[in-house]
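The values are calculated or read from the model by the stated rules, or taken from the named source; none is laboratory data. Given the structure is predicted, the values throughout are model-derived calculations rather than measurements. All Cβ positions, even for glycine, are placed from backbone atoms using ideal geometry, and neighbour counts span all protein chains on display. To get the accessible areas, we keep the full protein, side chains included, count just its heavy atoms, and leave off ligands, DNA and RNA. Shrake-Rupley method; radii C 1.70, N 1.55, O 1.52, S 1.80 Å.
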Amino acid sequence: MPFLRALLFLVFQTITLIFFALGCFLMLPLPFKWRYRFTVGWPHLLMWGAKYILGIKWEFKGQENIPTTPVVFLCKHQSAYETLLFPWFSPKPACFVYKKELNYIPFFGWALASLRNIPINRSDRKGAMQQVLSIGSQRIHAGHSPVLFPEGTRIPVGQKGRYQSGGARLAVHAGASVVPVAHNAGEVWPRNSFIKTPGLVTFSFGPPISSEGLTHDQLNRKVEAWIEGEMRVLSPHRYNDKA
């Protein structure tokens, strides 16, 4: 049964992706607001599909901590599930940092390229950071909220990657506040796993952390401390043997 559910969800994901990506492409001449509102319906639809096909539900903790002004979301990264949340849930249009080669993927890449995200050339590490700061600041000042995963890659629940400073640098550079985000999506949607497990995912949003007067290292440490502390609240069984 888990395999059949996962297969059905994959089919659902593929069919809806083609529809929404083509729609987004055809809507290119229209104002961004309309295109964005249409396109973010896809990740929202996938979360509902995951709920009814895979049995994965979600809840929010600390939702009142999210300002109505643009912020930088720095989020724990465990699976693909959390990437579905921000586009439709953020009070301001969300934008993601991703390698620009994804723009060339049929359907999916076309939609990415049209939604004012932050494409970078990852082969040029120094240049990529400058792109994050330059394009990211433009997005923030235009009323968007960038979403970054400071660990850089998906990390299993109970483990911690090295917190990279790119998101903190962007917040300091743009004078924006950071909202740290912890969650336990990896409990039900593990990294690179075709089979998903029914269960409840809790997204926890921390109080905004102002970048004013902080270096990017200081800001990054505050974000790391809050996220890792909150993870021990959301998934205590994963941390019993750890300091």
Among the residues of region 32-71, how many are assigned to a loop (DSSP other than H, G, I, E, B) and open to solvent by 70 Å² or more (accessible area, probe 1.4 Å)?
2
List every residue pair whose Cβ atoms sit under 6 Å apart, with the two residues 6 or more apart in sequence or on different chains, where the first one lies in region 199-214 and is at pLDDT 95 or above and the second, anywhere, is open to solvent by 60 Å² or more (accessible area, probe 1.4 Å) and assigned to a strand (DSSP E or B).
Leu200/Lys57; Thr202/Glu59; Thr202/Lys61; Phe203/Phe60; Ser204/Lys61
Residues of region 63-100 being in contact (Cβ under 8 Å) with a residue 60 or more places away in the chain and among the basic types (Lys, Arg), in sequence order, are Lys76
What pairs come up if the first residue lies in region 110-131 and is over 15 Å from Leu148 (Cβ atoms), the second is among the hydroxyl-bearing types (Ser, Thr, Tyr) and assigned to a strand (DSSP E or B), and their beta carbons are under 8 Å apart, counting only those six or more places apart or on different chains?
Leu112/Tyr98
Exactly one condition in (1) at pLDDT 95 or above; (2) surrounded by 14 or more Cβ atoms within 10 Å (Cβ to Cβ) is not met by Ala225; state its number.
(2)
Quick one: would you say Lys196 is part of a loop (DSSP other than H, G, I, E, B), crowded, with 18+ Cβ neighbours inside 10 Å and touching a helix residue (DSSP H, G or I) at 6+ places or on another chain (Cβ under 8 Å)?
yes
Can you report the number of residues in region 220-238 which are without any contact (Cβ under 8 Å) to a residue 60 or more places away in the chain and small (Gly, Ala, Ser)?
2
